[in-house]
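See structure below.
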Amino acid sequence: MDLRINSEYGTLKEVLMHRPGREIDRLTPYNKKLLLFEDVPYLEEMQREHDQFTQAIKQGSGSEVLYFRDLLMDILTDNEVLLQMMRHALAGAEMSHLAEELIATFSNYECAQSLVCGIKVHEAKRKCPNIKCGELMEVAYLIPPTPNLYFQRDTAAVTPAGMVFSSMKMEGRQREANMVRKIFEVHPRFQGRATKVFPLDGHDNPASLEGGDIIILSPKAVAIGHTERTDEKAVYHLAKRLIAEGTVERVYEVELPKKRNFMHLDTVFTILDENLVLTYPDALNAVKGLSVYRYKNGNGDKTNIKRSIIKDGLLQVLKDEIPHLQTIQYGSEKTDHALREQWYDGANVITIAPRKVISYNRNKHTNRALRDRGVEVLEIPSSELCRGLGGPRCMTMPISRKHI
């Protein structure tokens, strides 16, 4: 069956994740900003936290957790795929011509390590002493590391109409999305199942769009954030494809400030059940603009869509799309707590079943508010995982959920 998901709260069945590895140890106080990190995490503790997270998913929902690295290793057994991916990874250093030489010397495992953790000139020379790297310094990267890879939500999304493969805003992260896309295109588990709705065929340099900006409101409606990481042009193109496919009827564009704490739409709200949403008042009030795309009646061409400006706020849109809506708006009275916990992605919980979520233990006030409304909260440690500024939803890319 095609990969499609029609809710944010149906019981999780399959999810893609990446356990942080040696790419995290590539972070230093001097390159962390360049590699889009706020801090330098402690890898071993980060891995322990991530292992507890995956166990909570398995035990809490019965979901199968698929690991990015395992799937990557599977597809690298195809020599053509391996060569293509190594060439692409080396292109940034203008060293694509070295791909064949490295592949001839490196094992498939070492190639996979290089794709994820990066490889420096002096490291390549240990295995290939005669490799020619031009004017590059010994400590320069032939392939840069991907420390943000554990945020799998950014790289792709499964929607009611099919799959979205992200076009990352930051050039340094595009390889993450390309690797995930290749897995879904060629891995036997997914081959023929991934109906692509974005990017459009023939668009070699699509406008930026990231998975964390896509939220399924209902089988007929999707919200997309126009944010720091997702461009307005991409929202239009995705809306056109979603509506043309015939399943989705309304696509909402939610404009947010171009700020790090509103990086994606899923930092603003999360759907917990058919009529329950978690949010923060400060986040709701930060919305700068709203519009909706619909099919334009007329000649029968469903690619003919129209955009209407919405003057009501985001909360009213949620009420219109989610019958009998109830909201958990933590922080209306305890503003300091709310600002602190929003910064650490308090609204970015992952819903693994109706009214059952996984949340960082540090967001204790939000977790208490959830429990007070009957939501089961599975807490995970978060001292290191949070240092990349992303929550449990950011770290998971659902592949399938129970159909609602």
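The values are calculated or read from the model by the stated rules, or taken from the named source; none is laboratory data. Please read all numbers here as calculations on a predicted model, not as lab measurements. Ideal geometry is used to build each Cβ from the backbone, glycine not excepted, and the neighbour counts take in all protein chains shown.
Candidates are the residues of region 96-125 that are in contact (Cβ under 8 Å) with a residue 40 or more places away in the chain and under 29 Å from the mean Cα position of the chain (by Cα); the one that is surrounded by the most Cβ atoms within 10 Å (Cβ to Cβ) is LEU115. Within region 354-375, residues that are free of Cβ contacts under 8 Å to residues at least 24 places away in the same chain have Cβ atoms under 7 Å from residues that are in a loop (DSSP other than H, G, I, E, B) in these pairs: ASN361/PRO381; ASN361/SER382; ASN363/TYR344; ASN363/GLY346; GLY374/ARG355, counting only partners at least 6 apart in sequence or on another chain. ARG193 meets the stated requirement of being of a type in the set (Lys, Arg) and either over 14 Å from the mean Cα position of the chain (by Cα) or surrounded by fewer than 17 Cβ atoms within 10 Å (Cβ to Cβ) (or both). Checking each residue in region 198-209 for being surrounded by fewer than 24 Cβ atoms within 10 Å (Cβ to Cβ) and either in contact with a Phe, Trp or Tyr (Cβ under 7 Å, 6 or more places away or on another chain) or among the β-branched types (Val, Ile, Thr) (or both) picks out only PRO199. Looking across region 359-391, just one residue is touching a Gly at 6+ places or on another chain (Cβ under 7 Å) and closer than 21 Å to LEU149 by Cα, and that is TYR360.
Looking only at residues in region 360-391 that are under 18 Å from ILE24 (Cβ atoms) and small (Gly, Ala, Ser), the one that is farthest from the chain's Cα centre (by Cα) is SER383. Taken over region 323-378, the residue count meeting the criterion of being among the small types (Gly, Ala, Ser), modelled with pLDDT of 90 or more and within 24 Å of ARG153 (Cα to Cα) is 2.
Per this entry, ARG22 is counted among residues that are surrounded by fewer than 16 Cβ atoms within 10 Å (Cβ to Cβ), within 17 Å of VAL116 (Cα to Cα) and at pLDDT 95 or above. Checking GLY212, GLY225 one by one, the residue that is in contact (Cβ under 8 Å) with a residue 40 or more places away in the chain, touching a Cys at 6+ places or on another chain (Cβ under 8 Å) and within 21 Å of VAL349 (Cα to Cα) is GLY212 and no other.
Number of residues in region 210-228 that are outside any strand (DSSP E or B) and buried (at least 24 other Cβ atoms within 10 Å of the Cβ) equals 5.
The set of residues from region 28-50 being of a type in the set (A, V, I, L, M) and either at pLDDT 95 or above or farther than 23 Å from GLY211 by Cβ (or both) comprises VAL40, LEU43, MET46. Annotation for region 315-337: at least one member residue is among the hydroxyl-bearing types (Ser, Thr, Tyr) and within 20 Å of ILE215 (Cβ to Cβ).
Here the condition is being within 21 Å of VAL349 (Cα to Cα) and not small (Gly, Ala, Ser); of PHE269, PHE198, it holds for PHE269 alone.
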